[in-house]
Every structure is written in C-alpha cells, then in structure tokens.
Amino acid sequence: MRRPGLHRPFANPTPESVRAFIDAIPLYRDDMVHDVTFWTDDRLRAKRDELLRRQLGWCAEASAFYRKHFADAGVDVGDVRSLDDLARLPVTTKADLMGDPAAFRLRFESPTVYDTTYVTAYTTGTTAGSPTPYEYTSHDYLAGFVAARRSGKVLYQVPGDLYYSTFPLSPLPHVASMASMKSSSYGIAFLHGFAGTPHPEFPIHRTTSDLLDDIEQYQPQTVAGIGSFLRRLFARAVSEGRDLSSIRLVLNSGESFNETMRAKVKDQLRSCGAEEVFVTATYGFTEGGMTWSPCREGGPLHACAPDQAVLEVIDEETHQPLPDGEIGLVALTHLNRRGMPLVRYLLGDRAAMTHDRCPSCGRGGESLVVAVGSAHVTRTKELLKVKGTLINPAIIHDVVMSERGILEYQVVVDREDPDDELSSDVLRLLVAVEEGDAGRGVDLEELGRRVHSATEVRPVIELIADAAQIYDPSSQFKAQRFVDRRVIS
C-alpha cells in the first residue's frame, strides 16, 4: 500500500530518523535481524571471515581457473583465515575473465538445484571481440534479491512505489534486466520505458515524449537512467510544462552528479511540480550483482550486502591494501557465490574507501567516499596524458558540469596535425548549451580558464549547436565523454 506521507529522511539523515523510517515499514523492520549492515563491527567481521573461508574452499574445489591461479602463486587457500589475509592472494584481471570465462564457472561433483545457471548477463568484450558471459546460478540470483532489498532500504524506497526505468533496452542480456525482479523483492512495482536504439524489424523502442507521457500517466516515485539522458529528459519536461510531481528519487548511472548538477535537476523537477527529491547514484557492475548506495546526497556509497562481497582499495603496483582515504584500484572478492565467484578481481576503477560506521545512518561495512572532484569512482582507462600532463577526466567533468547552462560535452584529444605523430597535442572541448537564458549565460572563456586551472592544459572550446552530435540517446547506450584520436605508433 502506498504511503505518500511517509517521511524519507534523505535530506539530513540521522541513525534515529533512519531507524524510524525502517520501523515504519514492516518489510524493512522484519529484515533487521538479518541485515548485517547494522550488526556490530566484530559480529560482521566474524561472519565475513567465515564466509570467505567457505568461498575459497568452493573455489579450490570447483573452479578450474582458481585452482591453477592459486597454485601458480604458491598459495594454499587453507592458510587464508580472514579478510586480513586477502592481500596474500593474487589479483584477478578482466583479461583473465575475458580470456576463458568458462574456467571461472564452479563445477561441483554433486551440484544442487541451486547451482543451475539461472541468468546469463554480459560484460566486457572477450579477446575474440564478443561480450563476456557472466553466469548467475539460482543461489546467486536469490542473493541478488536480498542485496536489492537492502539497497532499497538505504535509498528510502517504499513498498507500493513505482520504479520507472529510462535505461536503453540493450540488444544483449544486461544485469539491468534483473531490475524488475529485484524491485519486486522489496515491494516496488517496475515499469521499463523501452528507450534505446530502434530495431527496424521489431519496432518496440519508444521516444522521449513517450517516456514523459508514461511518467505523467503512471506517476512513479523513482526514475532511473543514464545521467546525461535524465538531464535532457527533465529539460524537455520543463519546456513542455510536464507534470513530474510524483518523483521522489532520481537514480542516475554512467556519470557522477556534482552539487551543481543535482541542483539543476532539482530546479527542473521543481518546475514540474516535484519537491524534496533525492537525486543520487549508486555503484554497480555486472560481476557484482548488487549495488553500493548512499543514504544521503554526496555521501559515501555503502556496501548494501557486505555478507556477499567485499571491496578493497589497493596499491596499483604492490596490490597491498591502502589506508582509508587513499585512492587506488578497486578489487572485488565474492563471499557467497556459486556461479562465477571472483577473488581480488580488478574492476578497472579507482576509488577511496572508509571503514568507519556511517554517522548519518549507522551502517557498517566498507563505504566508497568521494575521491576525485565529485566522483566516488573513476575508470583507470580514462586517465589521459596531454602535452606531458596526466589528466583525470573526472576533474574536467566536475568543472564543466558545474556550469548550469551546459547540456552536453565531450573532450577530444587530437594532434594539431593528425598525420604527424610528433605534432603537439590539442585538447578540444565540445560543448552544447541549453536553450534560452541558461545557455546564453554560459561564459566559454571563463570555462576555458577554469579547465586550464584544474588540468594545466588549455582547451580549445567548440560550441556545438545540436547536443545529439555529442550524445544521441536514441542510438547510444551512454555518452562517450572522452575520445583520444591521436596516432598511436
């Protein structure tokens, strides 16, 4: 039953207000005895150590990859007794998974019905160029529902709400395809807008106007999608005078939202009748099957299921754990997976972490904190060297999207003479601005100065009339923010 008057304390949460919210919802309240994020640190740690020992035993018994991987490293998993011992294990890379996905699949001599493959999602391309399959058993699939319920609790979603997805309908099975069942696990109805690249033979995909029609008609409390698309969707809603008053939670994916961007989205939604909206993002990936979610805007991303996986932040060279607050590589270790468990798996991301209990909601387990600009996580492959200077694109993103009138942008690194490898680098910043006063108020010279100050590289700024030339939601899953066109010898 929908309870529109229930207070969702995302604006200024305290452990007391969060607990009051949980106690008001029987589904969440009754789950508290099992929700390990509220256990004491010692009790949680003991449980995770126990699960790690069992998981490594499963890997040694039934994983062709890890039997060889551990043997090659001279590691006896029987000596790994706790999370403190993880650093003794070798890392696993994406190249390992891409090279032979089937070797990661647990093959037990006496499998149970819960070891049957239930869902196959696809992640990074293989060495042969095709996407990498990642299998979830029935055991793992059910675990995902528990993790989803805990995430819904963190994000103050209420049973009886409606979750509306604007994510593109992918041509390949994607982990997002599990969202409908996951939302049902905590009493949330789910509706997909079927955005995405049209397939001419089967015209199922729908337009931006169709999505806005849905939101007006069905009045969802949660709207989720790629951040770039959401900003343009809401800008269009403002120009058309749409009613978006039902929205309470906006979940963006694919890029970080800094304070300026969140304020802009809130202004857009307020113009469409939506007050007190929680605008935020979660951290997730195909191999995880769960999310790390914030209890407040700009706050740490909490482990919603620390009894299913552990994240480490490790040194890029030594692979040893780094102190809280230091930026390093993010490594994932599953604690309770029967399909394709991963141990110290490098996700291709950089982040910083805290193990302190959250003062806002009282949850324990590791949390990811803001590391660069406004971003909790940045991709390792996105680091660029331009004119001898190493640039983190997250910094450019933070500077550019602090300008309220900018609708889309793209950074292109090129040679002044594309045919000459020795030619000097040039950093081009393509910018599309909003229509009306907001766009006319963008000072491109000042923007160039701020980018230069943040990166020590002066950009050449180009104003693009049509934002679709930078990012076309009808034909691209997400915006490609950084393009390196330099000749590589």
Say whether the condition of being surrounded by 15 or more Cβ atoms within 10 Å (Cβ to Cβ), part of a strand (DSSP E or B), touching a residue at least 24 places away in the same chain (Cβ under 8 Å) and not charged (D, E, K, R) is met by at least one residue in the range 94-111.
-> no
Mind telling me which of the residues Y163, Y218 ends up being more than 30 Å from F108 (Cα to Cα), within 20 Å of the chain's Cα centre (by Cα), not assigned by TED's automatic domain parsing to the domain that holds D100 and not small (G, A, S)?
-> Y163
Check off (1) assigned to a loop (DSSP other than H, G, I, E, B); (2) of a type outside the set (A, V, I, L, M, F, W, C); (3) within 29 Å of R29 (Cβ to Cβ); (4) in contact with a helix residue (DSSP H, G or I) (Cβ under 7 Å, 6 or more places away or on another chain) for P220 and give me the number that stays unchecked.
-> (4)
Number of the exception - G74 against (1) free of Cβ contacts under 8 Å to residues at least 12 places away in the same chain; (2) outside any loop (DSSP other than H, G, I, E, B) | (2)
Among Y156, Y122, the single one that is within 19 Å of the chain's Cα centre (by Cα), part of a loop (DSSP other than H, G, I, E, B) and either closer than 27 Å to P26 by Cβ or modelled with pLDDT of 85 or more (or both) is Y156
Condition test on N336, is it in contact with a Gly (Cβ under 8 Å, 6 or more places away or on another chain), of a type outside the set (D, E, K, R) and either farther than 25 Å from S138 by Cα or assigned to a loop (DSSP other than H, G, I, E, B) (or both)?
-> no
Can you spot a residue in the range 174-184 that is within 24 Å of R19 (Cα to Cα) and surrounded by fewer than 17 Cβ atoms within 10 Å (Cβ to Cβ)?
-> yes
Could you list, in sequence order, all residues of the range 314-328 that are closer than 25 Å to W58 by Cβ and outside any loop (DSSP other than H, G, I, E, B)?
-> I314, P321
Would you please name the residue that is surrounded by the most Cβ atoms within 10 Å (Cβ to Cβ), looking only at residues in the range 244-273 that are within 16 Å of L162 (Cβ to Cβ) and of a type in the set (V, I, T)?
-> V250
Test for L427: is it farther than 30 Å from W292 by Cα, modelled with pLDDT of 85 or more, of a type in the set (A, V, I, L, M, F, W, C) and not in a strand (DSSP E or B) | no
Qualifying positions in the range 353-376 - surrounded by 22 or more Cβ atoms within 10 Å (Cβ to Cβ) and under 15 Å from the mean Cα position of the chain (by Cα) = S367, L368, A371, A375, H376
Within the range 374-404, considering residues that are among the polar types (S, T, N, Q) and touching a strand residue (DSSP E or B) at 6+ places or on another chain (Cβ under 6 Å), the one modelled with the lowest pLDDT | T380
How many residues does the range 174-217 hold that are polar (S, T, N, Q), part of a helix (DSSP H, G or I) and under 25 Å from R236 (Cβ atoms)?
-> 3
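From R43, R67, grab the single residue that is out of contact with any helix residue (DSSP H, G or I) (no Cβ under 7 Å at 6 or more places or on another chain), modelled with pLDDT of 95 or more and either among the basic types (K, R) or surrounded by fewer than 16 Cβ atoms within 10 Å (Cβ to Cβ) (or both).
One residue alone meets the criteria, R43.
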Got at least one residue in the range 282-297 being among the β-branched types (V, I, T) and more than 25 Å from P220 (Cα to Cα)?
-> yes
A87 vs (1) surrounded by 13 or more Cβ atoms within 10 Å (Cβ to Cβ); (2) of a type in the set (G, A, S); (3) within 16 Å of E135 (Cβ to Cβ): all pass except (3)
Do the conditions hold for V146, that is, is it buried (at least 18 other Cβ atoms within 10 Å of the Cβ), more than 19 Å from the chain's Cα centre (by Cα) and either part of a strand (DSSP E or B) or among the hydrophobic types (A, V, I, L, M, F, W, C) (or both)?
-> no
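The values are calculated or read from the model by the stated rules, or taken from the named source; none is laboratory data. Keep in mind that this is a model prediction, so the values were computed, not measured. In this analysis, Cβ positions are derived from the backbone assuming ideal geometry, glycine residues included, and neighbour counts consider all displayed protein chains.
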